[in-house]
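To keep things clear, I will list the structure first and then write my remarks on it.
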Amino acid sequence: MSKSGELLVAIINNQPDFSIASDKHWYRIPVESVKKLLKEKWPPQWLSFYHTSTFKESAHSIRYSAQVLKISEARRWQLFPELPLNEKSDKLYYQLLLSPLKKLPNPIYSRRWRRIVFIPTTMEKFNNALEINDLYDGSPLEDKLWAALKILNIPAERQEFIRVNNKNYSLDFAVYCEKGKLNIETDGDRWHHTPETAPKDNLRNNNLVTYGWQILRFTSQQICGQMAEYCIPQIVDNINNLGGVEMHQNKYRKIDLKLPDTTFQNEIFK
């Protein structure tokens with residue numbers, strides 16, 4: 001059975017780091033990043049790499065994976081003994097020893113440039129992914145909504161990191177439209193609508209709206225029991241009121257619930 005976090009997608013943003021992974025068979029992750037961002041989804045059994053724009057032809061895609069053979073702690077000076085000592089030399093890392101990189105038969109693409117740090121996921125999702133958003137393993141509610149959005153070919157970005165008013169936010173789903181931006185949140189009842197979280201949610205919503213985001217929030221009951229008759233119509237109405245969803249090259253498409261555009265999946269990767 002696949003387990004969340006058994007495969008970790010990590011970022012590669014320069015050729016030297018990729019050469020280390022491909023030639024020396026190791027990769028490093030700051031220990032503090034693991035404690036802050038990965039928590040219970042650690043350690044991974046497999047590692048794959050998301051290439052940034054530095055890699056030109058392979059930019060914004062995942063093309064390689066490797067098995068994690070061993071994980072140990074090491075200081076930066078131990079990983080790079082040839083470098084002169086400085087204030088970063090004592091920084092503590094997890095060093096992941098890897099099997100030889102294996103090239104994927106089909107790259108996993110990102111539809112648009114986006115900020116990605118880590119994506120802990122399952123091997124099942126990794127093996128079946130057509131694009132980056134298929135990898136996210138946040139919650140069953142998110143997966144259920146994502147499946148419904150894909151049926152209508154609505155190109156939402158999952159776990160989109162944005163910064164507004166000097167604050168960082170992670171959006172469950174971000175939909176970019178001709179006349180604005182739509183944030184869709186799946187509110188698990190356990191984590192939301194409590195006296196402790198209400199002020200934070202209020203501040204978050206106000207900041208996002210102030211900087212051009214419209215927000216839709218759906219409860220677990222709505223997603224599990226009213227997807228077709230309530231959630232999707234609400235999303236579609238908001239998208240269409242904003243001029244249609246962004247396709248590519250500044251083209252936009254309105255959503256017709258009676259006639260989904262089945263050509264859109266092929267269009268995005270041209």
- request: Take the alpha-carbon centre of region 36-98, take the same for region 152-168, and report the distance between them in whole Å.
  value: 25
field: Among 33-41, 62-70, the order from most to least packed when residues are scored by Cβ within 10 Å on average
entry: 62-70, 33-41
message: Quick check: residue separation of residue 11 and residue 57 times 0.36 nm, minus the Cα distance between them. What number comes out in nm?
response: 15.0 nm
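Determine one quarter of the surface area of the Cα convex hull of region 67-222, which equals its mean projected area, and express it in nm² to one decimal.
Numbers: hull surface 54.4 nm².
Value for region 67-222: 13.6 nm².
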message: As a test of the definition: which semi-axes, in Å, follow for region 7-134 when you take the square root of five times each eigenvalue of its alpha carbon gyration tensor? Largest first, please.
response: 24, 16, 14
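Could you give the dipole magnitude of region 7-134 about its Cα centre, charging the beta-carbon of Lys and Arg +1 and that of Asp and Glu -1, in debye to the nearest 20?
Using only the charged Cβ atoms, the result is roughly 220 debye.
Would you calculate a helix-derived [θ] at 222 nm for the chain, using -39,500 (n - 2.57) for each DSSP H run of n ≥ 4 and dividing by the full residue count, to the nearest 500? Don't skip to the answer; put the middle values down first.
Values: 8 runs with 60 residues, N = 270.
Per the formula, -6000 deg cm²/dmol.
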message: Tell me the net charge near residue 138. Cut-off is 10 Å between Cβ atoms, residue 138 excluded, with +1 for each Lys or Arg and -1 for each Asp or Glu.
response: -3
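Between residue 250 and residue 74, 0.36 nm times their residue separation minus their Cα-Cα distance comes to what? If you can, show how the numbers build up before the last one.
Details: separation 176, 0.36 × 176 = 63.36 nm, distance 4.66 nm.
That pair, residue 250 and residue 74, stretches by 58.7 nm at full extension.
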- line: Stokes-Einstein D for the chain (37 °C, 0.692 mPa s, Kirkwood Rh from Cα pairs), in µm²/s, comes to 161
- prompt: Taking the Cα centre of the chain as the origin, how large is its charge dipole in debye, to the nearest 20, when only Lys and Arg (+1) and Asp and Glu (-1) carry charge on their Cβ atoms?
  reply: 600
Within a Gaussian network of the chain (alpha carbon springs, distance under 10 Å), most fluctuating of 254, 24, 56: 56
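We did not get these values from a lab; they are worked out from the coordinates using the rules stated. Bear in mind that the values here come from a model prediction, so they are computed numbers and not experimental data. Glycine also receives a Cβ, built like all others from the backbone with ideal geometry; neighbour counts cover every protein chain displayed.
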